[in-house]
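Q: So that we are looking at the same thing, I have put the structure below in structure tokens.
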Amino acid sequence: MTITAPRLGATSLLYESSKPRNIVNRGLTAVAAMFSLIAVLPLILVLIYVLIKGGASIHPRIFFELPPPPGLSEPKGMGNAIIGTIAVTAIGALVSIPVGIGGGIYLAEMGRTTKFADAVRFGVNVLSGVPSIICGLFVYALVVNTRVIFGESFTAVAGGISLAVLMLPTIIKTTDEGMKLVPHELRLAAYGVGASRFVTITRVVLPAAIAPIATGVVLAIARAAGETAPLIFTCLFSPFWPDWERGLGLLAPVATMSVQIYNFGVMPFETQRELAWAASFVLVVLILGANLLARWLARFTAR
Amino acid sequence: MGAGSGPARFTLRQKTPSERLVDQGFVHLTRLLASMVGVVLALIFLTVLLQSLFQGNLSDIFDAEHGIWHGVHSAANEDTLGLLWGALPEFGLSFLSHTRWDPVRDIYGAFPSIYGTLLTSLMALAIAVPIGVGTAVFLTEDYLPEKIRTVIGFMVELLAAIPSVVLGLWAFFIMEPFLRQVLFLPAHHLLGWIPFFSAVPTGPNTASAVMILVVMVLPIITAISRDSLNQLPIELRQGAYAVGTTRWGTVMQILVPAAISGIVGGTMLALGRALGETMAVTMIIGNSTNFNVSWFSPGGTIASLLANQFGEAEGMQVSALYYAALVLIVMTFLVNVAAQWIVRRLSLRYE
């Protein structure tokens, strides 16, 4: 068997731009660049429209007045929805942060490699994949329809619970991962000077991991603030100010900005549509701000 | 060291009983909190299952006088008070294949919604995967300076943070009218003889729901593909360049196959998200419960059916909607489990 060595021409090692593979190479580069443009384009377009259309209807009184009855143009505000979003998101955070951080502590510190911890991690992944509308139906069946909360049906509390279900997986995951990043030596040092487990975790490990945990919590809250599907059937909507008589307004149906966008956006009234864009503006600014804050927190840790 | 001094002075400090109590209590507390995940999951599944098995609300089902303890009656028996069977026993598996959703006669078949769910999600993936992976490659190669790439990556991630209801509003007023003129009408005129393009696009329709789903799943695919491409060892690239491959030869034959576990896993997660996506789809799909083969006619998904009808539903319809929700839960659960399995199974380890 003879092996013929390929004859190398003098130019074969030089770059030939007309070779098919080099043409393909350039073509694919152009395609990838175009894809990146397509990927970024929707964000830019959404931001432009929300900022222009929403920004045009932003006026100080929007924060202090109620939405108009259908067909009228006065008053023109959404103060109730802003209060509602803050209240419902706060309830969700109050329920999910302790449970999530506690569960995350268990995963990272107590049961790290146990079967139970693996099962919980699996459950966290499954729970984060549960569609948000299912969360709404679940809380509706369990809390709203059975009237377990002081005999009330649609309440801000029920909405908060459904948001808590959505926030829980994110918070557990970030707590688990954040605490795993803390060097083991810190724990050994704490045990070495005689600290108990409780003191080690709450005074040494948790403060060391607080930045990634805070990042996760901020992102979870930002996501929850924009959620609509779980709120339609739990807090419903209300065109009035919160009813302070009923548990500071928390035991009554409450308006939120996200549901306002859904309800008002498709109404045939100009004022309502303007208010939907205004609510989009406030939500988007809020969420972009939260993301920038989370990014800043993450950089804060990296230092 | 003196003979008597060591042990006596340096005796290991014993934990006080109160400290031990606090420690144990803390362990139990965190275990309890961690198990909340399982409790919530089980409750979600059981609640939806019970509601699709029986009519009425949960407190009626477990009511002492008329509840489940006293037997269940068929819907045909009008005089019986108490618990009635729900949609799951009434329609069984034919619920999945029947095309008629008729609240007036209480006949429910969810095939159009299930078909719509699968169709919109899969078509959105078919469009978003090439774009997302292409973007991920573009962001991990050194075409642009590091800073610009970081900014683009951040912008794509921001897109994931925009609430779906805002995207729905934008799709309803801006995207759909624009695409109708630029894409849907020309496609209808050119390819109208194909059943998929047969209806004249006049407003919210299935195709625009696909488009907004593309926008929503793109960040997930891009972010996860970029992360798994970034984690590949530099030696792979160096080896490929050393034998004279072009840049795209390296990408296509070395890098993407090596990162395939992350890419497929991200795609499956995106599929799970697309299946359950509610608000944007509800606002743009037109919400029809009739089966229609054309992509330019109003359609529906399970999630949009729930969002649209649940508020005004009563009796058997509520139960049928919970049955549809059960189908959706099972679908997303299977997709998510498959995603985790694929990532674990396909991931290559480099030492």
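The values are calculated or read from the model by the stated rules, or taken from the named source; none is laboratory data. Given the structure is predicted, the values throughout are model-derived calculations rather than measurements. Quick reminder, even Gly has a Cβ in these numbers, built from the backbone with ideal geometry, and neighbours come from all protein chains shown.
Q: Take segment A:54-91 and flag every residue that is within 14 Å of chain B (Cβ to nearest Cβ) and either of a type in the set (S, T, N, Q) or within 27 Å of A:ALA208 (Cβ to Cβ) (or both).
A: Matches in segment A:54-91: A:SER57, A:THR85, A:THR89.
Q: I'd like to check something: does segment A:189-197 contain any residue that is buried (at least 22 other Cβ atoms within 10 Å of the Cβ), more than 22 Å from B:LEU159 (Cβ to Cβ) and touching a helix residue (DSSP H, G or I) at 6+ places or on another chain (Cβ under 9 Å)? Please lay out each step first, then the result.
A: To start, the set of residues in segment A:189-197 that are buried (at least 22 other Cβ atoms within 10 Å of the Cβ) comprises none.
Checking segment A:189-197: not a single residue is buried (at least 22 other Cβ atoms within 10 Å of the Cβ), more than 22 Å from B:LEU159 (Cβ to Cβ) and touching a helix residue (DSSP H, G or I) at 6+ places or on another chain (Cβ under 9 Å).
Q: I'd like the residue in segment A:51-84 that is surrounded by 15 or more Cβ atoms within 10 Å (Cβ to Cβ) and of a type in the set (Lys, Arg) and, out of all such residues, is nearest to A:GLN260 (Cα to Cα).
A: In this case the residue turns out to be A:LYS76.
Q: Looking at segment B:251-280, which of the residues that are of a type in the set (Val, Ile, Thr) and within 10 Å of chain A (Cβ to nearest Cβ) is nearest to B:ASP102 (Cα to Cα)?
A: Ranking the qualifying residues of segment B:251-280, first place goes to B:THR278.
Q: Show me the helices (runs of 4 or more DSSP H) entirely contained within segment B:239-298 in which 3 or more residues are in contact with a Gly (Cβ under 9 Å, 6 or more places away or on another chain).
A: Numbers: elements: B:247-250, B:260-276, B:279-284.
Per the criteria, B:260-276, B:279-284.
Q: Does B:PHE172 qualify as being closer than 23 Å to B:ALA128 by Cβ, touching a His at 6+ places or on another chain (Cβ under 8 Å) and in contact (Cβ under 8 Å) with a residue 24 or more places away in the chain? Before you say what the answer is, go through the steps one by one.
A: Working: closer than 23 Å to B:ALA128 by Cβ: yes; touching a His at 6+ places or on another chain (Cβ under 8 Å): no; in contact (Cβ under 8 Å) with a residue 24 or more places away in the chain: yes.
Answer is no for this residue.
Q: Give the residue, chosen from B:VAL182, B:VAL166, that is closer than 26 Å to A:VAL259 by Cβ and either in the same structural domain as B:ARG273 (by TED's automatic domain parsing) or in contact with a Ser or Thr (Cβ under 9 Å, 6 or more places away or on another chain) (or both).
A: Details: B:VAL182 fails: closer than 26 Å to A:VAL259 by Cβ.
Just one listed residue meets the conditions, B:VAL166.
Q: Any residue at all in segment B:33-44 that's farther than 13 Å from A:LEU142 by Cβ, at pLDDT 70 or above, more than 10 Å from every other protein chain (Cβ to nearest Cβ) and surrounded by 18 or more Cβ atoms within 10 Å (Cβ to Cβ)?
A: No.
Q: Going residue by residue through segment B:229-241, is there one that turns out to be acidic (Asp, Glu), out of contact with any Lys or Arg (no Cβ under 7 Å at 6 or more places or on another chain) and within 13 Å of chain A (Cβ to nearest Cβ)?
A: Checked segment B:229-241: no residue is acidic (Asp, Glu), out of contact with any Lys or Arg (no Cβ under 7 Å at 6 or more places or on another chain) and within 13 Å of chain A (Cβ to nearest Cβ).
Q: For segment A:101-125, what are the residues that are buried (at least 22 other Cβ atoms within 10 Å of the Cβ) and at the interface with chain B (Cβ under 7 Å from one of its Cβ atoms)?
A: A:GLY103, A:ILE105, A:TYR106, A:LEU107, A:VAL120, A:GLY123, A:VAL124
Q: Next question, about the same structure. When the residues of segment B:177-205 are narrowed to those that are surrounded by 15 or more Cβ atoms within 10 Å (Cβ to Cβ) and polar (S, T, N, Q), which ends up farthest from the chain's Cα centre (by Cα)?
A: B:SER198
Q: Would you check if B:ALA240 is assigned by TED's automatic domain parsing to the domain that holds B:ALA136 and in contact (Cβ under 8 Å) with a residue 24 or more places away in the chain? Reasoning before the result, please.
A: Values: assigned by TED's automatic domain parsing to the domain that holds B:ALA136: yes; in contact (Cβ under 8 Å) with a residue 24 or more places away in the chain: no.
The answer is no for B:ALA240.
Q: While we're looking at this one, here's another question. Which of the residues belonging to segment B:11-65 are part of a loop (DSSP other than H, G, I, E, B) and farther than 19 Å from A:ASN145 by Cα? Walk me through how you get there before you give the answer.
A: Looking only at segment B:11-65, we keep the residues that are part of a loop (DSSP other than H, G, I, E, B), and these are B:11-16, B:55-57, B:62-65.
If the condition is that a residue be part of a loop (DSSP other than H, G, I, E, B) and farther than 19 Å from A:ASN145 by Cα, then B:THR11, B:LEU12, B:ARG13, B:GLN14, B:LYS15, B:THR16 are the ones that fit.
Q: Considering only segment B:300-333, state which residues are surrounded by fewer than 14 Cβ atoms within 10 Å (Cβ to Cβ) and facing chain A (nearest Cβ under 10 Å). Lay out the reasoning, then the answer.
A: Pass one, segment B:300-333, residues surrounded by fewer than 14 Cβ atoms within 10 Å (Cβ to Cβ): B:311-312, B:314, B:330.
B:GLY311 - this is the single residue of segment B:300-333 that is surrounded by fewer than 14 Cβ atoms within 10 Å (Cβ to Cβ) and facing chain A (nearest Cβ under 10 Å).
Q: Identify, please: which residue in segment A:37-53 is more than 7 Å from chain B (Cβ to nearest Cβ) and in contact (Cβ under 8 Å) with a residue 24 or more places away in the chain and is, among those, nearest to A:PHE281 (Cα to Cα)?
A: This residue is A:LEU51.
Q: Restrict the check to segment A:133-154 and report whether at least one residue is facing another protein chain (nearest Cβ under 8 Å), β-branched (Val, Ile, Thr), in contact (Cβ under 8 Å) with a residue 24 or more places away in the chain and within 23 Å of A:GLU227 (Cβ to Cβ).
A: Yes, there is a match, as at least one residue in segment A:133-154 is facing another protein chain (nearest Cβ under 8 Å), β-branched (Val, Ile, Thr), in contact (Cβ under 8 Å) with a residue 24 or more places away in the chain and within 23 Å of A:GLU227 (Cβ to Cβ).
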